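Before any comments, here is the structure.
The values are calculated or read from the model by the stated rules, or taken from the named source; none is laboratory data. All of these numbers come straight from a predicted model, not from anything done at the bench. Positions of Cβ are generated from backbone atoms using ideal geometry, with glycine treated the same way; all protein chains shown enter the neighbour counts. When the accessible area is computed, the model is the full protein with side chains, heavy atoms only, and any ligands, DNA or RNA have been set aside. Shrake-Rupley method; radii C 1.70, N 1.55, O 1.52, S 1.80 Å.
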Amino acid sequence: MRTYKPHTTFAMAVRERGGQRGAALVLALSMLVLFGILGTCYLRYMNLTVVEGDMELRRVRAEQLAAAGIQVAVEALRQEVLQANRYVDRGVTREFSFNTYGAISHGDEGVSGEAIPGNPRLAIAGVTIHDESGRVNINHAPAEVLQRLMGIDAATARKIAEYAAPGGQGQPFLSLDELVTRNLLSQSQYDALNLSNFTVFSAPGSQPGAGYFNVNEASPAVLAAVLGLSEEQATRVKSAAGDGFTSLAAFGQAVASVTGAPATSVEGNSSLGLVSRCFRVVSEGRYAKLLDEGAYQAAAPNERGRYLSNSASGRVEAVVLFGDDGTYEILHWRRGRGDAGGDA
């Protein structure tokens, strides 16, 4: 007959329950550690998201500064066109400063801006203007001009000239590098070009208006190719201009005095003109905290970065074509993403 021992069964049950409670405690501690790790990771992720958002905000502000620089340059060029006087230097970078505000309020006294708390901000745009009107437009240049200026054979020059012509093999060139992508020039031929001699913007459309090529802005090399002169002769013609030719008749006289050809020989070229209407404007925006405004202003340009933190940059390039009445259209607009650094 089997003997029942209640104390033995109770002891086993206690041990089993104690083991279960221990396992539950280990599981609870494990889950606590896991959730702690997940919480830490989430906080780290949120911190990185905030930092990334701040960097993106600074980049956007820098791009807006670059776009503002374009508008400042366009207005200056517009006044130049309207007043028939040159006010803006070509190829020289000018720096414009802009105000920054933490908030804008609308009150009884009008609109006012509230300063950003903390360090003052640097908000500038460096603007450079390039004149497209003194360059050879590959969409409209005769083959012989392309041959002389590009240093290529006659067959290749004809192919380029015919490609963009009305009824030709293709469409007008939208950028100079299409000379390679359309297999008209090899990469080595393209790399050998002085790209500052060429443009695709100065005369849009299949039938450009008269006078789109500004002889006053053309380099001797370009002028030589357009007129069929030697570069030495073109340099002498340019030297006769002084501050610039004021009439095509005076320009024709200068060409005649150098070449011996009749002064009327240039009058048959309807592309020749004396004013610029097409400009490429490049604007570099910079947004940053000023750690020491006085030291920044006093420092040399290559040392100024020491007095900035949280710096961001942006770039905008635009090509603007003006009419005689000062109206304009944007032919090209390209934004470039700049850098956005952390604390210096």
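In segment 243-258, is there at least one residue being assigned to a loop (DSSP other than H, G, I, E, B), aliphatic (A, V, I, L, M) and out of contact with any Lys or Arg (no Cβ under 6 Å at 6 or more places or on another chain)?
Scanning segment 243-258, I find no residue that is assigned to a loop (DSSP other than H, G, I, E, B), aliphatic (A, V, I, L, M) and out of contact with any Lys or Arg (no Cβ under 6 Å at 6 or more places or on another chain), so the answer is no.
Taking the residues in segment 232-242 that are surrounded by fewer than 15 Cβ atoms within 10 Å (Cβ to Cβ) and not in a loop (DSSP other than H, G, I, E, B) as candidates, determine which candidate is modelled with the lowest pLDDT.
For segment 232-242, the residue satisfying everything is Ser239.
Can you name the condition, by its number, that Gly338 falls short on among (1) surrounded by 11 or more Cβ atoms within 10 Å (Cβ to Cβ); (2) within 24 Å of Arg61 (Cβ to Cβ); (3) at pLDDT 85 or above?
Here Gly338 clears every test but (3).
Report the residue count in segment 64-105 for those that are surrounded by 11 or more Cβ atoms within 10 Å (Cβ to Cβ) and small (Gly, Ala, Ser).
8
What number of residues within segment 73-107 are farther than 20 Å from Ser133 by Cα and β-branched (Val, Ile, Thr)?
The number of residues fulfilling the criteria is 2.
Got at least one residue in segment 17-27 being modelled with pLDDT under 85, charged (D, E, K, R) and farther than 29 Å from Tyr287 by Cβ?
Yes, that holds for at least one residue.
Does Glu109 satisfy the condition of being over 25 Å from Tyr287 (Cα atoms) and acidic (Asp, Glu)?
yes
Within segment 111-129, identify whether any single residue is open to solvent by less than 50 Å² (accessible area, probe 1.4 Å) and under 19 Å from Val215 (Cα atoms), and answer yes or no.
The answer is yes; a qualifying residue exists.
Does segment 260-290 hold any residues that are more than 30 Å from Val200 (Cβ to Cβ), out of contact with any strand residue (DSSP E or B) (no Cβ under 6 Å at 6 or more places or on another chain) and either surrounded by 16 or more Cβ atoms within 10 Å (Cβ to Cβ) or of a type in the set (S, T, N, Q) (or both), and which are they?
Ala263, Thr264
For Val180, state whether it is without any contact (Cβ under 8 Å) to a residue 24 or more places away in the chain, surrounded by fewer than 18 Cβ atoms within 10 Å (Cβ to Cβ) and not basic (Lys, Arg).
yes
What pairs come out if I take residues in segment 86-104 that are assigned to a loop (DSSP other than H, G, I, E, B) and pair them with residues that are of a type in the set (S, T, N, Q) whose C-beta lies under 8 Å away, six or more apart or interchain?
Between residues of segment 86-104 that are assigned to a loop (DSSP other than H, G, I, E, B) and residues that are of a type in the set (S, T, N, Q), the close pairs are Tyr87/Gln79; Gly91/Thr128; Val92/Thr128; Thr93/Thr128.
Considering segment 140-167 alone, what residues qualify as being part of a loop (DSSP other than H, G, I, E, B), surrounded by 14 or more Cβ atoms within 10 Å (Cβ to Cβ) and at pLDDT below 90?
Answer for segment 140-167, where residues must be part of a loop (DSSP other than H, G, I, E, B), surrounded by 14 or more Cβ atoms within 10 Å (Cβ to Cβ) and at pLDDT below 90: just Ala165.
Conditions first: (1) surrounded by fewer than 22 Cβ atoms within 10 Å (Cβ to Cβ); (2) in a loop (DSSP other than H, G, I, E, B). Ser133 passes all but one, so which condition is the exception?
(1)
May I ask you to list the residues in segment 301-330 that are at pLDDT 90 or above and hydrophobic (A, V, I, L, M, F, W, C)?
Matches in segment 301-330: Ala312, Val316, Ala318, Val319, Val320, Leu321, Phe322, Ile330.
How do the pairs read when you match residues in segment 38-60 that are within 19 Å of Lys289 (Cβ to Cβ) with residues anywhere that are open to solvent by less than 90 Å² (accessible area, probe 1.4 Å) and modelled with pLDDT under 70, using Cβ under 6 Å and keeping only pairs 6 or more apart or on different chains?
Met55/Ala340; Arg58/Ala340; Arg59/Ala340
Hey, does segment 211-224 have a residue that's touching a Lys or Arg at 6+ places or on another chain (Cβ under 8 Å), part of a loop (DSSP other than H, G, I, E, B), among the hydrophobic types (A, V, I, L, M, F, W, C) and surrounded by 14 or more Cβ atoms within 10 Å (Cβ to Cβ)?
Checked against the condition, which is being touching a Lys or Arg at 6+ places or on another chain (Cβ under 8 Å), part of a loop (DSSP other than H, G, I, E, B), among the hydrophobic types (A, V, I, L, M, F, W, C) and surrounded by 14 or more Cβ atoms within 10 Å (Cβ to Cβ), segment 211-224 yields at least one hit.
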